[in-house]
Amino acid sequence: GGGAALRLCSTRVAQGGINKPVIDRIIRVDHAGEYGANRIYAGQMAVLGRSSVGPVIQQMWNQEKVHLKKFNELMVAYRVRPTVLLPFWNVAGFVLGAGSALLGKKGAMACTVAVEESISEHYNNQIRTLLEEDPEKYKELLQVIKQFRDEEQEHHDIGLEHDAEATPAYSVLKTAIQLGCRAAIFLSERI
Amino acid sequence: VKCQHCPPVRALQASATLRRAPDEHKKEPLTSSSQQHFDSPPAGHQPEQEPRGTHHSYTGQGGQESEDYESEEQLQHRILTAALEFVPEHGWTAEAIAEGAKTLGLSVAAAGMFHSDGSELILHFVSECNTKLSKLLEKEQKLVQLGEAEKKPIDEFLRDAVEARLRMLIPYIEKWPQALSVLLLPRNIPSSLSLLTSMIDDIWHYAGDQSTDFNWYTRRAVLTGIYNTTELVMMQDSSPGFEDTWRFLGNRVADAMTMSNTASQVQSTGEAVVQGLMGAAVTVSNAETSRAMR
C-alpha cells in the first residue's frame with residue numbers, strides 16, 4: 001500500500017527520443033554564451049570602434065551575431081527556455097567589453113583571448129558529451145557546435161596576434177575573466 | 001497449489017495480492033521452485049505459469065516485463081481514469097478510486113495504493129486534461145498549416161485555448177475547489193507547478209511564440225496569471241454557460257494585449273526622445289565649434 005510515486009505523462013512531445021534535459025542545457029548555455037559574447041564585442045566597439053582595431057573587432061562581432069541567430073533558431077526548434085539571467089548577461093557583457101577596452105587595445109584583445117578560450121573549451125566538452133550520447137542522433141547539433149568552436153578558436157588566435165599577451169597584468173586579467181566565464185556557464189546551464 | 005481461477009494475464013503482483021489474500025501463507029514453499037521455473041523459459045511461457053508464479057517478486061525474472069504484462073504505472077493510470085467517473089458523486093477521495101477499481105474488476109483495496117487525499121487522482125486528471133489540450137491545439141495547427149482554417153490573432157487564440165482547457169473542468173466543477181486546495185499542498189506543489197508551466201508553455205508554443213529573450217518569461221507569467229484568475233472566477237460563477245467567466249477571460253486577455261502594446265510604445269517613445277536629445281546636443285556642439293572658429 002502507500003502512495004507509490006506516479007509518473008505523470010508529459011504534455012510535451014518527445015522529439016524523436018532525444019535526451020531532452022541534456023539538449024536543453026546545451027542549447028540554453030550556448031545561447032547565453034553567444035548572447036554574452038555579442039554584448040562583450042558591443043562594449044569593445046563602443047570604446048575602440050574608431051581605433052585601428054575597430055574593423056577587427058567588428059568582424060569578430062559579426063560572426064558572433066551569426067552564432068546568436070543560429071542558437072535562437074535552435075532554441076525555438078527544440079523548445080528550450082532561455083536563461084533567466086539574460087538581462088544580467090546583457091549588462092555584464094557590455095561592461096566587461098567596455099571595461100577591457102578602456103585598458104587599451106591590448107586589454108580588449110586579452111579579454112577576447114580569455115573569453116574565446118573558455119568558450120572553445122566549453123564547446124569541446126559539449127561535443128564530447130554529444131558524441132558519448134549518440135553521434136548519429138545529434139549530427140546536426142554536433143556540426144553546428146564544431147563549426148562554432150572552430151570560429152571561436154580563430155577569434156582566440158586573432159586576439160593573440162594583436163598582442164593580447166603584452167597587456168599589463170595579462171595572467172591576472174585572463175584568470176579573472178575565465179573564472180567569471182565558468183561561473184556564467186554554471187549558472188546559465190541551471191537557471 | 002494450483003489456482004483454479006486464473007487471473008487475467010494483465011494482473012501483476014499488486015492486483016494479484018488484492019485478489020487472493022487467503023493464499024498469502026502458501027507463498028513460501030513455492031517461491032524457490034517458481035523462481036527456478038522462471039530462470040530459463042522464454043517470455044511466451046510465462047502466462048501459463050502465471051497462477052503459480054504470481055508470488056514471485058516484482059523484479060523477478062531479471063526484471064523483464066513481457067508485452068502481456070501491464071506495468072504498475074499503467075495499472076494505476078487505468079484505475080485513476082476509471083475513478084474519474086465517480087468524482088462528481090464522491091469527490092476526489094479514496095471512495096472514488098475504490099469505485100473505479102471495482103469497475104475494473106479489482107478489489108476496493110486497490111485504493112490503498114494511493115494517498116487518501118486523492119492527490120494522485122487530481123494530478124492524473126490535470127495531466128490528462130493537459131494532454132487533451134495539446135492534442136486539440138496540435139490538430140488546429142495542422143488545419144491552419146493545410147490551409148483549411150484561418151490563423152487566429154493572438155488574443156483570440158489565447159482566449160480560446162484557455163477556455164477550452166477550463167471547460168474540461170465543468171463536469172467536476174462542484175468538487176474542483178477541493179482539488180485546488182489539494183494541489184496546493186506542499187507535497188504536491190512540484191508536480192502541480194510543473195503541470196501548470198508545461199501547459200502554459202504548450203499554449204504559447206502553439207500560439208506561435210518564438211521569443212528567446214526575457215519576453216519568454218514575461219509572456220508565460222502573464223498567461224499563468226490570466227489562467228489562474230479565470231479558474232478562480234469560474235469556481236464562483238453561477239451564470240448560464242459560465243458566460244461571466246468567458247467575459248472575464250476576454251477582458252484579461254485584452255488587458256494583457258494593451259499592456260504589451262503600451263510597453264512597446266513606451267520603449268519606442270523613449271528611443272525617439274533619446275535620439276532627439278542626441279541630435280540637439282550634436283547641433284549645439286557644432287554651433288559652438290563654428291562660432292569658436294570665427
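The table that follows gives values for the structure above.
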{"quantity": "From phi via Karplus (6.51, -1.76, 1.60), per-residue ³J(HN,Hα) for segment B:205-212 in Hz, x at Gly/Pro", "calculated": "4, 6, 6, x, 6, 10, 6, 10"}
{"quantity": "Surface accessible to a 1.4 Å probe, per residue, for the residues of chain A, Å²", "calculated": "48 Å²"}
{"quantity": "Top positive-direction residue, dipole computed over segment B:118-278 with Cβ charges, set B:VAL274, B:HIS205, B:THR131", "calculated": "B:THR131"}
{"quantity": "Point-to-point label distance, B:ASP244-A:PHE186, nm (Cα→Cβ direction, 7 Å offset)", "calculated": "5.4 nm"}
{"quantity": "Derived scalar couplings ³J(HN,Hα) [segment B:224-230; Karplus, 6.51 cos²θ - 1.76 cosθ + 1.60; whole Hz; x for Gly, Pro]", "calculated": "4, x, 4, 4, 5, 5, 5"}
{"quantity": "DSSP H segments from chain A that extend 20 Å or more along their own axis, Cα-based, with Kyte-Doolittle mean of -1.0 or above", "calculated": "A:20-48, A:54-77, A:86-102, A:105-133, A:170-190"}
{"quantity": "Total charge dipole magnitude, segment B:118-278, about the Cα centre, Cβ charges on Lys, Arg, Asp, Glu only, Debye to nearest 20", "calculated": "240 debye"}
{"quantity": "Spin-label zone in segment B:209-229 - amide nitrogen under 16 Å from a point set 7 Å from the Cα of B:SER260 along the C-beta vector", "calculated": "B:209-227"}
{"quantity": "Candidate lysines - alpha carbon under 25 Å from A:LYS20, same-chain residues fewer than 8 apart omitted", "calculated": "A:LYS69, A:LYS70, A:LYS137, A:LYS139, A:LYS146, B:LYS132, B:LYS135, B:LYS139, B:LYS142"}
{"quantity": "Derived scalar couplings ³J(HN,Hα) [segment B:271-276; Karplus, 6.51 cos²θ - 1.76 cosθ + 1.60; whole Hz; x for Gly, Pro]", "calculated": "4, 5, 4, 4, 4, x"}
{"quantity": "Gain upon complete extension [B:ARG291, B:LYS139; 0.36 nm per residue less C-alpha separation]", "calculated": "47.6 nm"}
{"quantity": "For residues of B:208-218, the mean tally of beta carbons on other chains within 10 Å", "calculated": "5"}
{"quantity": "q = 0.13, 0.15, 0.21 Å⁻¹: log10 I(q)/I(0) that the Debye formula gives for segment A:129-191, counting C-alpha atoms only", "calculated": "-0.57, -0.72, -1.01"}
{"quantity": "Sites B:THR131 and A:LEU160 - FRET efficiency at Förster radius 45 Å, r taken between beta-carbons, to 0.05", "calculated": "0.25"}
{"quantity": "Relative contact order, percent, segment A:40-129 [alpha-carbon distance under 8 Å, six or more residues apart]", "calculated": "40 percent"}
{"quantity": "Restricting segment B:134-184 to GluC sites (Glu not before Pro) in coil, as DSSP defines it, with at most 14 other Cβ within 10 Å", "calculated": "B:GLU148, B:GLU150"}
{"quantity": "Shape parameters for segment A:20-189, alpha-carbon atoms, Rg then Dmax in Å", "calculated": "15.5, 47"}
{"quantity": "Segment B:176-294, Cα convex hull volume normalised per residue, Å³", "calculated": "158 Å³"}
{"quantity": "Calculated FRET value between A:TYR78 and B:VAL108, using beta carbons and R₀ = 41 Å, to 0.05", "calculated": "0.35"}
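The values are calculated or read from the model by the stated rules, or taken from the named source; none is laboratory data. This is a predicted model, so every value here is computed, not measured. We place every Cβ from the backbone using ideal geometry, glycine too, and count neighbours over all the protein chains shown. The accessibility values were calculated without ligands, DNA or RNA, using every heavy atom of the protein model including side chains. Shrake-Rupley method; radii C 1.70, N 1.55, O 1.52, S 1.80 Å.
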